Every structure is written in structure tokens, then in C-alpha cells.
Amino acid sequence: MNSKIRTWFPWWAYVVAFVLFATAGVAMLQWSVMIVRAHVTPWEFVAKTFTGGGQYQFLLNLIVVGAVYAVLVFATNRFWIASGLFVVVIGVIAVFERMKVLVRSETIRPTDITLMASGGAGGMGDTVTNMPAGSTDAIVQMSVTVAILLVACITAALFDTRRSLIATPRRFVGRVRRGIAAVLCASLLVAFSADLGTSGSWANSFAAGFGDRAKLWDSIADAQSNGVAVGFLRLARPKVMDEPAGYSEATMRDVAQRYAKQAATINATRGADLADSTVVMILSESFSDPTRVPGVALNDDPMPYIRALKKTTTSGLMLSSGYGGGTANLEFQALTGLSMTNFDASLSSPYQQLVPQMSWAPSFNQIWNAGGAGSEAVHPYNPALYSRSTNYRKFGFGAFYSQDDPLIAKQAKRIDRSHYISDETSYDSVLKLIEDKAGASGADGATADTATVKTSNKTTSESGGRFIQLVTMQNHMGYDNWYNDNQFKASSTTGTPLAADERMHIDTYAKGMNYTDQYTKAFLDKLDALSKPVTVIFYGDHLPSIYKHASADDRNSIPLHETDYFIWSNKAGREAARKAEAAVGEGAAASGVAAADSVAENAYTSPNYLLAQAAAHMDARISPYLAFLTAMHRAVPAMEPPVVNVTQGWTRIPDGTPLYLDANGKQIDVAHASAATKQLLSDYRLIQYDITAGKGYLRGLGFMDVLAASAR
């Protein structure tokens, strides 16, 4: 290029360019979440600063994004190279963000980054590998945007003769200065993100001054209103829970004593021990009845066996906190009895954000560690998914069998073109563990603090039942016409036909449900033939995010969060329960509630209640904690965090508050609940805070101990 045309750009030109590129970065990020509101554009988000009256969220995001941009500039000392790198990175993030919004109905969170970094395939990993509908358009649109900005960078660089943005006579001194500047920018950003989620902190107050009003119950609504960058940082250091009023050692001692009395009353009418039986807790990936989805009809029943079985045993609908994802959150609640409802909304993934930091992690499997033959976990997929390998160790599972373990790998089957291991393989793996008392095939051992979990004064060296946690994968997302000879055909009942891709996804999903139904029947038949008592807790974690037709109606929010569950015992288990009931005589009739009431309670549940229900089903003695969950389930049969209705309007039912259902599946207004119910809800927050964020007073108070038979 002619040297006469090239010039040394003045400093104000770099300032202008910096602001323009940073603004473009904010707009690119906002583009990724504005697709659900066609009337809102990224530029309207920017314009809100000048027209919104105190709404300066754009400027706050500009500062955050600008800090990242500044780090690149100072680190490279090449303004145009740093600018090009900046727009490429922002473009990639924006595409991933949009894909996550399309398939998971949520934004990228810090847990997605740590999950992918650890090799896990959940969260963003699943989103990227499954390429949701709309991904191609997103990639093309953002590629064009990035290309235009890169051309601007290259063109400016050709005309700019300044080699180094910050030139100093002594190179070492210049590097030190730039290094200090980069570290200062990064440090301020880290400090801001560390305190942003804490009320009253300098960062929280600073953001509030720009009009930031967190909408933590919905990451997309938060990103749309307050900015993608700020919404992401808000979750970087989540708050577990606010300390409940009155929390103290004395308060927790009162709580422990109150429910110890209730446990003693219940146990006086029960004759069995949980750890004497084998309990298999099955989280069936995406299992739910597609015939219950509003506006959707199928030409055949995909789950005739389970539908009939539910009429003969403890069963009903389970209120799920997920839609299209969130498996690990449901699993966490089922294993611990803790509820996502009680956590601060910024705690989005306990397996990633909470469990690794817990000094005391009581989980129900530890009952079998102390009083039975131990506990094991099975998951036919990547063990790094949601940090299960480390979390299961923290929970005290004696072994974890994943897809590469010989227990699964030697018999792994996939159905037709599906790339996930079948439920048949998963069930066969569990059967092998049940039939083999040693239960070891080279899996990693685990240790746990089980000193506070006791049952009938037995030890793990004695024979007994075992607890087996199974998380299946067969029906995981990605329903792309996998199966041959698929007889299922979906149709609309609303008068508006289903789109071709939605119909194909539902057809494929229904066939997967049908395979699960068949394999479950075969599995339970084999368990029925065993001489040892076995109880199965089976539940679907969430519906798949394939019902675009149904999710377009706000009234379908709750139905799209209801899955199926049942609790079943084999013949030996049913006989053991009958003997246990006979052993305590007529008093057993008074165990908790009348049969009709029990049926009504079981019609609806949430995962935190499942083991308490199983104990009642088995006529088994319980701990004070399980006594509390039993009482809580009677008062509030189902609960979950605020329900997100995946519609183009992003409405929610109710707005930004937890959802509670009664025994008929109707919403409960807890503000007008009875004093007893309010006491239970208050106790729940105290219990959960003490275990997860408090001082763990309950650990030394026997709250998790299953009362011995002699306590009757």
C-alpha cells in the first residue's frame, strides 16, 4: 500500500473504535437471547439507555465486555489483532448461547464451562453435538457479522502505521506496565463477578445503580432485561441460600427432636428395615407419557405395561423442575431429599456448584452403606457428566459403573441407529449387581462419612440389601428417526398441524418410550423371580423439549413439567412387607395415614419425597429426616422452583415464585396455607440450610439415623 496513504492513527480514533467494537460485542451477545421476542432487537437493548429512564444495563454490560476487550488489547499490544480476536470469541460465544437457548430454554452458565472443561457431555456439550433446529441460521448470521467486523479490523490495520498500541523506549518496562493494566482489568472483573450475586455488596449496589434488577428464576429473562454478560457473571459465584430467620444450634436441636418423636411414632407401627431390602432407584432419561401432552395425539399407546402397572402400586405424576434438561438436579433431589425450591435461584446446578464444596453430604444411599451391603451407581455414559464420578464418591457410593466399565461395555447394546446405550443393557447391568453380592468389577471404590447413618445396629459386613442408583440414557435428546419399523404417528388435536420435524421427533421419542416399557416389564419380571426382596423407585426426570406445538400455549406450563413415577416391590418384597406389618400387629393400621389418604398423597409428588414414599410402601422404619419428608409430602405433595413455560413470550406460572401443588395437582398459595404447613416449610428451609450452607448442627443430632428396631 502507498506509504502516503498510511498514517499513525490518533488516540481518539482508538477510543472510538474500542467503544464501537465493545458495543458490537454487547449487541452480538444480546442477539443470542432476543430471538424469543421478535419485537425486541439488540439495538433496542442499547437504545434503552437513552430512552428507558434509569435503565442503563447496556452501559453496565459495555463495561464488563470492555474489560475483557481491554485485557486482550493490553496483553497483545496490537489493537487491531486484539479487536479481531475479540469479535471472533464473542461471535462463537453468541452462537453457542443461541443454540443453548433453542434447545435448553436457558442461557450458558458457568457450570457449562466447567462441565465441558472436565470432559462432560452434558449442558453445552449436548447442545453443540445435537445441533438444535435453527443452529445453521445462527451460524450463518453470526459468521456474516464477524466477517464484516474482521474486514473492518483488517482495513484499519492496513491504514494504521502504529505497530504497537503502547510504545515505550524500554520494551521490558512497557511489558510490565501493560501486564499491570491487564491484571487490574481482570482483577476488577473477577471481584465484580464474585460479589454480584450477594445483596448489599459493592458489586450488587454498583449494578443496581445502572438499573440492574436480577431475574434469577429465569436466565433468559434476566439476560434479555439485564444483559447476557452481566447475567452470566451473576451465576459465577452463586449464593446457596439466605440464612433462615432464627437459625441456631438450639433451633436445629428443637427441629431434630420434633421429628425424632414423629419418626418414633411411625416406626412403632412398622416392622421392616430399609437396608434389609435392595432398593433400585431408576432415573429414566426423559421418560414421560406423550399421550398426556396437550394438543398431541398418538395412534398407539407407547407405554401399556407401565400404565397398567401404575394402577396396581404406589404411583402418580412427579412435578419436574426441568424441561428438556436438568437431569442432574432431579437426581440430586431424589438422592438427598433436598429441594431446588429452597435454594437461591442463582444456584442452578448443585452437582457442579454445591456438592463438591460440601463438607457433609448426606444422601439416602448411605443408609445401605451402614446397615446393608452398600451402594452402587450405574450410568451408561461418560462418568464426567455433571461431575458424577466425584459426586458419587462424595455421596459414599462404593462403586460407579459407567459406559466403559466391563459391567456395561461387555454387553452394551444400542437400538438401530441410536447412539445411546439401551435401557435393556442398563437393566441387565443392575440385575448382575443384584445377583452378585460382591458387586465388584474393578470399579473405583469410594469412602463416605456414614457414621451418622445407622440402622438396626447392623454393619455393612453383614448380609443385607443394597442401594443401586441407575440413570439411563436410551431416551436422551436427539430424536432423529433412530428406529426401524416405527409404528407411532403423532398428530395435532388443535386443528393446527404439527410441523414435520416436530412430528418426526415425537414419533421417534414415542418408539423409545415403547422400548423402555418393554424392557421395564422384562426387568421387573426377572426381579419378581428372585428370592430376595427388591423395591424399584422409577421416575422420569423431565419431558423432552420437542413439543413446540404444546409449548406455544401458556396454559401448558404445568403439564409440560409432569412426568411419571411408580414404586414397586417384587414378590419377595411384598411378602416381606406383609410379614413386617403382621409383626407389629393391629397398630400397623395406624401407620401415618389411612389407605385412601395415602393414595391421594401419592397422586402427585416431587423427587425429594421419593424415598420417604418408598419407606411407607415397604413398611420400613425411618429416620427423623424421612419422618419430616413424610409430613412435608402430606402437607405439600409436590413442589419445584418457578416453572418456566417455554413459549415465545417466555411467560411463567406463577411469576417468579416456587410452585406448590396439592393432592389434586392444583396450585397451592402457601401465603394462605395453614400454620402447620407454614411450620413445615420453615423447617424445610432450616434443615436444607444447615446441611448445605450452615454449620451442620444436624450432623451430630442423629437426624439422618434410621431408628433401631429396639426403639419401638
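The values are calculated or read from the model by the stated rules, or taken from the named source; none is laboratory data. Please read all numbers here as calculations on a predicted model, not as lab measurements. With ideal geometry, Cβ positions are generated from the backbone for all residues, glycine too; neighbour counts draw on all protein chains shown. For accessibility, only protein heavy atoms count, side chains too; no ligands or nucleic acids. Shrake-Rupley method; radii C 1.70, N 1.55, O 1.52, S 1.80 Å.
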Query - With every protein chain in place, segment 197-269: carbon and sulfur % of accessible area (1.4 Å) - result: 55 percent
Query raised in the report: Given (1) 209; (2) 155; (3) 184 as candidate values of volume of the Cα convex hull per residue in Å³, which corresponds to the one derived from the coordinates?
Result: (3)
**Report entry** Two-site label geometry, THR265 and GLN141: point separation in nm, points 7 Å out along Cα→Cβ
**Finding:** 5.9 nm
Query raised in the report: To the nearest 0.05, what FRET efficiency results for VAL190 and LEU20 with a Förster distance of 25 Å applied to their C-beta separation?
Result: 0.45
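Tell me, what % of the accessible area of segment 332-398 is carbon and sulfur with a 1.4 angstrom probe?
Values: 660 of 1290 Å².
That share works out to 51 percent.
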Query raised in the report: If the label point is 7 Å along Cα→Cβ of TRP11, which residues in segment 172-200 have backbone nitrogen under 15 Å from it?
Result: none
Query raised in the report: Taking 0.36 nm per residue of separation and subtracting the Cα-Cα distance, what length does fully extending LEU530 through TRP43 add?
Result: 168.7 nm
Report summary line: Among LYS489/LYS521; LYS410/LYS432; LYS413/LYS511; LYS100/LYS511; LYS511/LYS571, the pairs whose Cα-Cα distance exceeds 21 Å are LYS489/LYS521; LYS100/LYS511; LYS511/LYS571
Query raised in the report: Relative contact order of segment 240-346: what whole-number percent is it, with Cα pairs under 8 angstrom and at least 6 residues apart?
Result: 35 percent
Query raised in the report: How many angstrom lie between the C-alpha centres of segment 17-95 and segment 303-352?
Result: 37 Å
Report summary line: Here FRET efficiency (C-beta to C-beta, SER248 to ALA671, R₀ 22 Å, nearest 0.05) is 0.30
Requested in this report: With label points built 7 Å along Cα→Cβ from the Cα atoms of ALA297 and ALA603, find their separation and express it in nm.
Outcome: 2.6 nm
Query raised in the report: Stretched out fully, how many nm does the piece from PHE50 to ALA500 gain, at 0.36 nm a residue minus the Cα gap?
Result: 157.6 nm
Report summary line: For segment 141-264, averaging the sequence separation of alpha carbon pairs under 8 Å that lie six or more residues apart and dividing by its residue count, the contact order in percent is 15 percent
Report summary line: Length gained, ASP480-ILE113, 0.36 nm per residue minus C-alpha separation, equals 129.4 nm
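Which value at 222 nm does the chain reach when only helices count, each DSSP H run of 4 or more adding -39,500 (n - 2.57), with the total divided by all residues and rounded to the nearest 500 deg cm²/dmol? Could you put the intermediate results ahead of the total?
Numbers: 26 runs with 328 residues, N = 712.
It comes out at -14500 deg cm²/dmol, rounded to the nearest 500.
Between ALA522 and LYS579, what FRET efficiency comes out of the Förster formula 1/(1 + (r/R0)^6) with R0 = 30 Å and r the beta carbon distance, rounded to 0.05? Mind dumping the intermediate values first?
Numbers: r = 28 Å, r/R0 = 0.93.
According to the calculation, E is roughly 0.60.
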Query raised in the report: Between LEU498 and residues 5 or more places away or on another chain, which pairs have amide H atoms under 5 Å apart, with H built 1.01 Å from N, and which residues are they?
Result: SER492
Query raised in the report: Where both residues lie in the chain, what percent of DSSP beta bridges are antiparallel, nearest 5?
Result: 45 percent
Report task. Before anything else, pin down the relative contact order of the chain: Cα pairs under 8 Å, at least 6 apart, normalised by residue count, whole percent. Result -> 19 percent
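Counting only heavy atoms of protein chains, what accessible area per residue, in Å², does segment 159-309 have with a probe of 1.4 Å?
Computed with neighbouring chains in place, this is 44 Å² per residue.
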Query raised in the report: Of the listed peptides 218-227, 73-82, what is their order by residue-averaged count of other C-beta atoms within 10 Å, with the highest listed first?
Result: 218-227, 73-82
